[in-house]
Structure formats: C-alpha cells, structure tokens
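A.B. asks: Please see the structure below; I have some questions.
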Amino acid sequence: MSAPRTVLLTGASGVVGRSLLRENTSPTDGREAAGLRIIAASHSAPAPEAERSVACDVTAERFGLDKESYAALAGAVDVVIHSAGLTEWGLPAERYQPVNIDGTRRVVEFAERAGAVVHFMSTAFVAALADTAPTPLGEGNVCRRYIESKHRAEELLRESGVAHTVFRPTNLVGDSVTGWTSQGQIVQLMSDWIGRGRAPFVPAHAGIRMDFVPQDLLSKAVLRAIQLGDDRGEFWVTYGAEAMDVAACLQVVGKHAAARGRELTVPPIVDPASLDPAELERMPPMTRSYLSVLRDVSEVTVCSGGVLPTSMPELRERYGVPHVSDTTAYLRSLEYATAHLS
C-alpha cells in the first residue's frame, strides 16, 4: 500500500512528537527514511524539526481553527498520530480531562470528517487497571489519574468505530544510539537524584522489572505502521521479561556516576510494604517525594503482573524495530542528559 498523502501529528512539540519528526527524516537500519508528509500540530511553540506546522488546540472545537481552515485540514489528512497529552503525574482528574480525554474526542471527530486512521499514543501503565490485574491499584497512587485518563481515551477510540491503533509505551528514555531527547523526563531526573547519592534506599517490590524503552523504537514502529497502511492493533512498546531488574538498573546508575568521578554507594532495595510512614514524613520534602514516586511506580508494575505486557517480538518482526540493549540505551540517555540537559 502506498504511503498516505498527509499525516497530522498532534503534540508535535512534545517528547514523542519531536522524536517522530526526527525519525521520519532519518534513514535507519538500511532502509530509507519514512519520508511521510507530516503536518506538525502543536498548541505551544512549534517543533523545530517540523517542515510544516499548524497551531492546533485539541481541547477546542475544530482544534481552535475557523471552519474553512478546519475543512481544508480535514480534506488533506489521511492519518492522525495522536500524541498530544498531559503526561505529568500526580494531578487531579479534572486536569487530565480537557487534553487526554476531551482532546481525544476532538481527534475522533476530526478523523471521522477526514476519513483518517488514528494512531494513538497511550501508556503501558493501563495494564495496572486491567480486570486481570493481580491486585488493585491504590486510589492514592501518583500515576492513577493519569493512567485512568489514558484508559478512558482508549475506550473513546474503541467506542467511536474509527479505524485506529493503540501504542502503549512504557517510560521512555533517549534515542537508542545517541541518547538524544528533547527534554528531561522522570527517568533521567530520578536517576540523577539516585546517582548523586541522595536516595537512602530504593523502594521496589521483589521481582519487578525496570522497563525503559528508547523513544526512537516507538517512533520507528509508528511510522512503519503508517507506511504499511495498518489501521488496527494494540501494541505494548515495552521490553517485558527482557527488561532489566532493579539491581541492574542501579548498576547502570552507579556506572554513570563513576564516569562522572563520583563513587556511589548503591542504595539498598527495600520492600515498600516495610516502609514506616512516620519515618517518611520526617525526611526532607524532595526525598519523601522521590521515594513516594518510586514506590508508586513499583506498585503500578506489581498491578501489571510484575512484568509489563510486551509486543516487542511482533514489533521487531512486523515493523523492523531493532534489537537494542535496554541497559546500553539507558546509559546513553543518562550521558546525554548530563551533557545537554543539566
């Protein structure tokens, strides 16, 4: 099937959006660059990688465009990559509603008018809300409201009948080769904090995996799906059972610290169930906050079965996603963040 005429990319100035734009023009793995014609839609500043941009607000009727502009855009677009979203954790449900849920509803309306396929960027953390989850996710979990908003957005797509795929990435790190990322994310921030010797311990449930995926692997899969004309499928962009365990993750942090001239005493791994709430309350605010995030992310993984579901074998076979060592990519991401984002 020939490549679509035009792709509308929402959230083009975000981490995933900019990775997609870079990957679209970069030859990789012996293949030519995807070279799709992408209209980069963003509500804030336009993505510097974009060749063609449009200011869109996914929370507004007609994306905030006048009727003529909206009709012209719908007439030109064959595919939508819906990457716009509020990804910050720990916010109340009403903060996620306008962008993550209502914004997806606006994308559905646009896709119906355009006759376009939607490729939606969700999160692998929705596994924690599955009916088959071994234990329920706590109401106070810092990730819960964010996960619920993505789960509801997926439901909207299914209920709409619009042709679509869902990509569910885990926590993303930088480019697998260069470590590049457009901005620091939770993985780099937490790793830097631990690498500076600030963590008295790491709260993590026994047996869980620290599943980090390079952002370019997600981008390669999405662009290849568009090239092949795929209009259905749900893909867990994770390492699953291949992912490093907590001890291996801390070894990478220690290696990075050593390269920077720091001798890191790797903090012990502690069962979150053994934590004394009173002891946590006595800790400095940042320490308490970071430990709480680590604990809650560990809980999400436990509620997902301890190991996140994965579609990596299928992504490698169908979309040509390369085999990449997660520990190597993680280290490169930390190195890039130190050199360029600190």
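A.B. asks: Suppose the Debye formula is applied to equal point scatterers at every Cα of segment 169-291; what is log10 I(q)/I(0) at q = 0.12 Å⁻¹?
C.D. replies: Scattering profile of segment 169-291, log10 relative to I(0): -0.57.
A.B. asks: With a ≥ b ≥ c the root eigenvalues of the C-alpha gyration tensor of segment 1-137, is it rounded (a/c under 1.5), prolate (a/b larger than b/c) or oblate?
C.D. replies: oblate
A.B. asks: Exposed loop sites here are trypsin sites (Lys or Arg not before Pro) in DSSP loop states with at most 16 other C-beta atoms within 10 Å. What is the longest stretch of the chain lacking them?
C.D. replies: Here the longest run is 53-195.
A.B. asks: By how many nm would the segment from residue 113 to residue 251 grow when fully extended, if each residue of separation counts as 0.36 nm and the alpha-carbon distance is taken off?
C.D. replies: 44.6 nm
A.B. asks: Something else: State log₁₀ I(q)/I(0) for segment 8-87 at q = 0.15, 0.19, 0.25 Å⁻¹ as given by the Debye formula over alpha-carbon point scatterers of equal weight, solvent excluded.
C.D. replies: Summing over Cα pairs of segment 8-87 leads to -0.52, -0.79, -1.22.
A.B. asks: With no solvent and one equal point scatterer per Cα, compute the Debye intensity ratio I(q)/I(0) for segment 106-223 at 0.14, 0.15, 0.18 Å⁻¹ and report its log10, rounded to two decimals.
C.D. replies: Ignoring solvent entirely, the Cα scatterers give -0.79, -0.89, -1.16.
A.B. asks: Let me ask something else. Please report the spacing between the Cα centers of segment 266-342 and segment 50-98 in Å, no decimals.
C.D. replies: After rounding, the separation between the Cα centres reads 30 Å.
A.B. asks: While we're on this one: Which residue fluctuates most in the GNM of the chain (Cα springs below 10 Å): 219, 26, 298?
C.D. replies: 26
A.B. asks: Take the alpha-carbon positions of the chain, form their convex hull, and give its projected area averaged over all directions (one quarter of the hull surface) in nm².
C.D. replies: Projected area, direction-averaged: 17.0 nm².
A.B. asks: Hey, another quick one. Hey, with R₀ at 30 Å, roughly what FRET efficiency would residue 68 and residue 93 work out to, going by the Cβ-Cβ distance, to 0.05?
C.D. replies: 0.25
A.B. asks: In addition: If you line up the long axis of helix 326-336 against the longest principal axis of the chain, both from Cα atoms, how many degrees apart are they, to the nearest 10?
C.D. replies: The answer is roughly 90 degrees.
A.B. asks: Scan around residue 143 for amide H atoms under 5 Å from its own, H built in the peptide plane at 1.01 Å from N, and keep only partners 5 or more places away or cross-chain.
C.D. replies: none
A.B. asks: Rounded, prolate or oblate: pick one for segment 230-286, where a ≥ b ≥ c are the square roots of the eigenvalues of its C-alpha gyration tensor, a/c under 1.5 means rounded, and failing that, prolate if a/b is larger than b/c, else oblate.
C.D. replies: Verdict is oblate for segment 230-286.
A.B. asks: Another question about this same structure. Taking H placed 1.01 Å from N in the peptide plane, check which residues at least 5 places from residue 233 or on another chain put their amide H under 5 Å from its amide H.
C.D. replies: 166
A.B. asks: A further question on this structure: Could you list the residues of segment 170-187 with an amide nitrogen less than 17 Å from a label point located 7 Å from the Cα of residue 325 in the Cα-to-C-beta direction?
C.D. replies: 174-179
A.B. asks: Given an 8 Å cut-off on Cα distances and at least 6 residues of separation, report the relative contact order of the chain as a percent.
C.D. replies: It rounds to 21 percent for the chain.
A.B. asks: Then there's this: What list of ³J(HN,Hα) values in whole Hz, one per residue of segment 6-17 in order, does the Karplus curve 6.51 cos²θ - 1.76 cosθ + 1.60 (θ = phi - 60°) give from phi, with Gly and Pro shown as x?
C.D. replies: Calculated HN-Hα couplings, in order: 9, 10, 9, 10, 7, x, 5, 8, x, 4, 5, x Hz.
A.B. asks: Next question, about the same structure. With springs only between Cα atoms under 10 Å, which of 133, 47, 221 fluctuates most in a Gaussian network model of the chain?
C.D. replies: In this elastic network of the chain, the residue with the biggest mean-square fluctuation among 133, 47, 221 is 133.
A.B. asks: I've got another one for you. Need the full-extension length gain, residue 274 to residue 340, defined as separation in residues times 0.36 nm minus the C-alpha distance. One decimal, nm.
C.D. replies: Separation in residues times 0.36 nm, less the Cα-Cα distance, equals 20.0 nm.
A.B. asks: What number, rounded to the nearest 500 deg cm²/dmol, is the helix-based mean residue ellipticity at 222 nm of the chain, given -39500 (n - 2.57) per DSSP H run of at least four residues and division by all its residues?
C.D. replies: Per the formula, -12000 deg cm²/dmol.
A.B. asks: May I pose another question? Nearest 10 degrees, 0 to 90: what angle lies between the long axis of helix 144-160 and the longest principal axis of the chain (Cα atoms)?
C.D. replies: The angle comes out at about 30 degrees.
A.B. asks: Is the shape of segment 178-241 best called rounded, prolate or oblate, per the rule: a/c under 1.5 gives rounded, else a/b larger than b/c gives prolate, else oblate, with a ≥ b ≥ c the square roots of the Cα gyration tensor eigenvalues?
C.D. replies: It comes out oblate by the Cα gyration axes.
A.B. asks: What is the set of long-range amide H partners of residue 212 at a cut-off below 5 Å, with H atoms built 1.01 Å from backbone N?
C.D. replies: Amide H neighbours of residue 212, under 5 Å, 5+ apart: 244.
A.B. asks: Something else about it: Pick from 273, 50, 114: which residue has the top mean-square fluctuation in a GNM of the chain where Cα pairs under 10 Å get a spring?
C.D. replies: Highest fluctuation of the listed residues: 273.
A.B. asks: Mind checking the angle between helix 285-303 and the chain's longest principal axis? C-alpha axes, 0 to 90 degrees, to the nearest 10.
C.D. replies: With both axes taken from Cα atoms, the answer is about 70 degrees.
A.B. asks: Run through every distinct alpha carbon pair of segment 66-154 and return the Kirkwood hydrodynamic radius in angstroms, one decimal place.
C.D. replies: Radius from the Kirkwood sum: 14.4 Å.
A.B. asks: Now for a separate question. How big is the equivalent ellipsoid of segment 153-212 along its three axes, where each semi-axis is √(5λ) from the Cα gyration tensor, reported in whole Å from largest to smallest?
C.D. replies: 32, 17, 10
Computed from the coordinates by the stated procedures, all read-outs in this text should not be read as laboratory data. Everything quoted here is computed from the prediction, not taken from an experiment. Note that each Cβ is placed from the backbone with ideal geometry, even for glycine, and that neighbours are counted across all protein chains shown.
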